[in-house]
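See below for the structure under consideration.
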């Protein structure tokens, strides 16, 4: 996200808290601005606090290779306070001065073009895109083309929530009227003819569809290879759908942070908008699950998913999505059990009861016996048999368990070779909690 923002701008203002200094996220922002090749300025915030140390921030910046102007460098540093407003006017003046020095110019008297900063689906508004106009002037009613989507601009909303009729270069607005949700970072331009815009959008959509089909075939092959090596490490494939590009990136970054030695996590695709039939087809081919964040499903998708055996789950809280994916990974692991010995009994007699078979008359030695448990029979410490019971009785009554020093009758399932004096051991299998 930082890299995309740095790519779209000409001047990057990095805000650093005067009481914290340069943090890991600050270093990421500096690296993104350097890689994009944009001019860097620094706003040292929270200078109104008694714990503020602006000179310490300058020293840390010099350690990052950014020498402040006051110390003979070329990086403008301005001390500000977002709480009191001190220094904000100076910061704006420095930005304008830097723009003049870089000779940043744009022609407002032409058709507009620019980039999509963010895009989302909004209830009541449909697809909306936060766009940055880099050249020309954008008007309400213009025909906008952005990748595989196009449409007539139905409305423009500025950064203060006001509706405007036109915006010039270096202005960010929310645009309504596109036929779908474009990708963040996509380039847009104004077309003269709606027919031409529709043709270009259809051509781009067809190219994306062919790319998706080839990806689906490759995914099918990957799924086959994973199935052939199923005795090795398990793998969970995920398709991510989100309302905005920022949410999608945050979710994917969070999922990639789930590290496991037992189950690998693979993100097949990530996109913006409601879950579509294409997503279900890709999930079915790749044996994947679909997780959505703040999105719904297109008409008929749920029925298709049930038919194809594809799981679709949508969430409003990102951590619930994370917990769900972790649980899906745990479900791929085979259960592990441990034996818990419940009790022992000694065979004191046996009875042959017609077609029923041989019944062992037992005296409980310790613990308890349960009808649903597993049993072993020992003779002088040698195991003769292991299995389950057909019935457990106390006198004439069928019981679920025997405790204390009670006597009982046991009908073993498929074994009658016991003798008087043999020891019976009852145990259960308890499932161990699975971990990644």
Q: Take the residues in region 291-337 that are farther than 18 Å from residue 249 by Cβ, touching a strand residue (DSSP E or B) at 6+ places or on another chain (Cβ under 6 Å) and assigned to a loop (DSSP other than H, G, I, E, B), then tell me which one is modelled with the highest pLDDT.
A: 311
**Q.** residue 254, sole failed condition from (1) out of contact with any helix residue (DSSP H, G or I) (no Cβ under 9 Å at 6 or more places or on another chain); (2) modelled with pLDDT of 90 or more
**A.** (1)
Q: For region 229-236, indicate whether the set of residues that are crowded, with 17+ Cβ neighbours inside 10 Å, modelled with pLDDT of 85 or more and out of contact with any helix residue (DSSP H, G or I) (no Cβ under 7 Å at 6 or more places or on another chain) is non-empty.
A: no
Q.
Out of the residues in region 81-118 meeting the condition of being loosely packed, with under 12 Cβ neighbours inside 10 Å and at positive phi, tell me which one is modelled with the lowest pLDDT.
A. 103
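Check region 38-48 and report whether any residue there is without any contact (Cβ under 8 Å) to a residue 60 or more places away in the chain and loosely packed, with under 14 Cβ neighbours inside 10 Å. Give the steps one after another, and end with the answer.
The first filter runs over region 38-48 and keeps only residues without any contact (Cβ under 8 Å) to a residue 60 or more places away in the chain, leaving 38, 40-48.
Next, only the ones that are loosely packed, with under 14 Cβ neighbours inside 10 Å stay: none.
No, there is no match, as no residue in region 38-48 is without any contact (Cβ under 8 Å) to a residue 60 or more places away in the chain and loosely packed, with under 14 Cβ neighbours inside 10 Å.
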Q.
Pairs needed: first member in region 329-356, within 25 Å of residue 238 (Cα to Cα); second member anywhere, surrounded by fewer than 12 Cβ atoms within 10 Å (Cβ to Cβ) and at pLDDT below 90; C-beta distance under 6 Å; at least 6 residues apart or different chains.
A. 335/431
Q | Identity of the residue in region 391-420, free of Cβ contacts under 8 Å to residues at least 40 places away in the same chain and more than 56 Å from the chain's Cα centre (by Cα), that ends up farthest from residue 370 (Cα to Cα) | A | 417
**Q.** Pairs, first in the same structural domain as residue 147 (by TED's automatic domain parsing) in region 186-203, second surrounded by fewer than 16 Cβ atoms within 10 Å (Cβ to Cβ), C-beta under 6 Å, six or more apart
**A.** 190/111
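Can you list the strands (runs of 3 or more DSSP E) found entirely within region 114-176 that contain at least 2 residues being more than 28 Å from residue 202 (Cβ to Cβ)? Outline the logic, then answer.
On the way: elements: 126-135, 143-146, 149-152, 155-157, 171-176.
Of the strands (runs of 3 or more DSSP E) lying wholly inside region 114-176, those with at least 2 residues that are more than 28 Å from residue 202 (Cβ to Cβ) span 171-176.
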Q | Extreme residue, nearest to residue 242 (Cα to Cα), among residues of region 305-319 that are surrounded by fewer than 12 Cβ atoms within 10 Å (Cβ to Cβ) and within 20 Å of the chain's Cα centre (by Cα) | A | 316
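Conditions (1) within 30 Å of residue 185 (Cβ to Cβ); (2) at pLDDT below 90; (3) more than 28 Å from the chain's Cα centre (by Cα), marked per residue:
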residue: 2; (1), (2), (3): yes, yes, no
residue: 35; (1), (2), (3): yes, yes, no
residue: 51; (1), (2), (3): no, no, yes
residue: 57; (1), (2), (3): no, no, yes
residue: 71; (1), (2), (3): no, yes, yes
residue: 79; (1), (2), (3): no, no, yes
**Q.** Selection status of residue 181, farther than 19 Å from residue 288 by Cα, modelled with pLDDT under 85 and surrounded by 12 or more Cβ atoms within 10 Å (Cβ to Cβ)
**A.** yes
Q: Kindly indicate whether residue 436 is modelled with pLDDT of 90 or more and not assigned by TED's automatic domain parsing to the domain that holds residue 258.
A: no
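The values are calculated or read from the model by the stated rules, or taken from the named source; none is laboratory data. Since the model is a prediction, treat every value here as computed from it, not as a measurement. Positions of Cβ are backbone-derived with ideal geometry, glycine not excepted, and every protein chain shown enters the neighbour counts.
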